[in-house]
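Nothing in this text is a laboratory measurement; each read-out follows from the coordinates by a stated rule. Treat the numbers as computed from the prediction; the structure is a model and nothing was measured. Cβ placement follows ideal geometry from the backbone for every residue including glycine, while neighbour counts extend to all protein chains displayed.
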Amino acid sequence: MKKLMALAFAATVVLAGCGNGTTTDSSADSAGSSATSSQEASSSTATEEKVLRVGATGQSYPNAYREGEELVGFDVEVIETAAENLGYTVEWTLSDFSGVMGQLETDKIDTVANFVAKTAEREEKFLFSDTYAYAGATIVTHTDNTDINTLDDLKGESVSGVLGSNNVTNLQNFDANGEITIRTYETRDGAMSDVVAKRVEGYVNSKASLIAEIEKNDLPLKFVGEPFVYEDIAFPFTKTERGEELQAEINAEIAELREDGTLKKLSEKYFSQEDITIKAE
């Protein structure tokens, strides 16, 4: 399926089939021409209505990231597979995480495919699809930090995270006494780079994403204890009539992709053979 890449904070209008009609000569029946024009206009409108506007960061490995000019990842393939089955063309808008969530809130895009956690706070603003994956928020530190082995060892230290991500919110809630200094970054790359360079002592993200990132780049990082919270991952939609329609359509597709094994297959493809589409015991 063709991917249409939009610039950050801009939506690209998808035009349908312009210039593909057959030219008629001047003696053609005017009524027939009018009917044909009406049919073409109707067809064009119908095609335009089948565009699904999706936001992502393009920097979130292995959820939504770029390989050259192509946008790929677990969340990317899940939404594109669902969209293709429903007859939609996906139009992508790339920005930082807080940016794409802001564009969803202002109805500039239809949903976000970037490992979005379903939370009570977000459910006040958005509709959510059924859960298609689960995430365990955890922290990694540099392997040289032999004194950091538990979450308690991070008290008095700095931990990086992505601005606007629920992993940061979860860490703030976990660290109720404010004993950990949390530094936020616009991208995962910035947050990850600083823990690798030892500019911070920890980095918070979902465990499955961290495992994939560490293995891919052979990073000198180790986990600090087990995940301190687990969350449901789902696609958010606006609380509008269109949002309700998309929610119902995507829910039906998630159920089908789960039943036929596609969700599991995609998870194992991107998360080192781990199935994150089922809840950890």
Checklist outcome for this item: Of those in the stretch 62-89 that are in contact with a Phe, Trp or Tyr (Cβ under 9 Å, 6 or more places away or on another chain) and in a loop (DSSP other than H, G, I, E, B), the residue nearest to N217 (Cα to Cα) is P62
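Within the stretch 170-186, does at least one residue satisfy the condition of being among the basic types (K, R) and in contact with a strand residue (DSSP E or B) (Cβ under 6 Å, 6 or more places away or on another chain)? Even if it seems obvious, please write down each step before you answer.
Applying the first criterion (among the basic types (K, R)) to the stretch 170-186 yields 183.
Within this subset, residues satisfying the condition of being in contact with a strand residue (DSSP E or B) (Cβ under 6 Å, 6 or more places away or on another chain) are 183.
For the stretch 170-186, residues among the basic types (K, R) and in contact with a strand residue (DSSP E or B) (Cβ under 6 Å, 6 or more places away or on another chain): present.
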Checklist entry - Among the residues of the stretch 232-243, is there at least one that is in a loop (DSSP other than H, G, I, E, B) and more than 30 Å from L86 (Cα to Cα)? => result no
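Filter the stretch 222-239 down to the residues that are surrounded by fewer than 20 Cβ atoms within 10 Å (Cβ to Cβ) and at negative phi and list them by number. Spell out how you get there, then give the answer.
Initial filter on the stretch 222-239 (surrounded by fewer than 20 Cβ atoms within 10 Å (Cβ to Cβ)): 222-223, 225-230, 232, 239.
Those that are surrounded by fewer than 20 Cβ atoms within 10 Å (Cβ to Cβ) and at negative phi: K222, F223, E226, P227, F228, V229, Y230, D232, K239.
Residues checked against (1) polar (S, T, N, Q); (2) more than 17 Å from the chain's Cα centre (by Cα):
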residue: K108; (1), (2): no, no
residue: G136; (1), (2): no, no
residue: N145; (1), (2): yes, yes
residue: N149; (1), (2): yes, yes
residue: V159; (1), (2): no, yes
residue: A176; (1), (2): no, yes
residue: I182; (1), (2): no, yes
Checklist outcome for this item: The residue that is farthest from K216 (Cα to Cα), considering only those in the stretch 255-281 that are among the basic types (K, R) and surrounded by 15 or more Cβ atoms within 10 Å (Cβ to Cβ), is R258
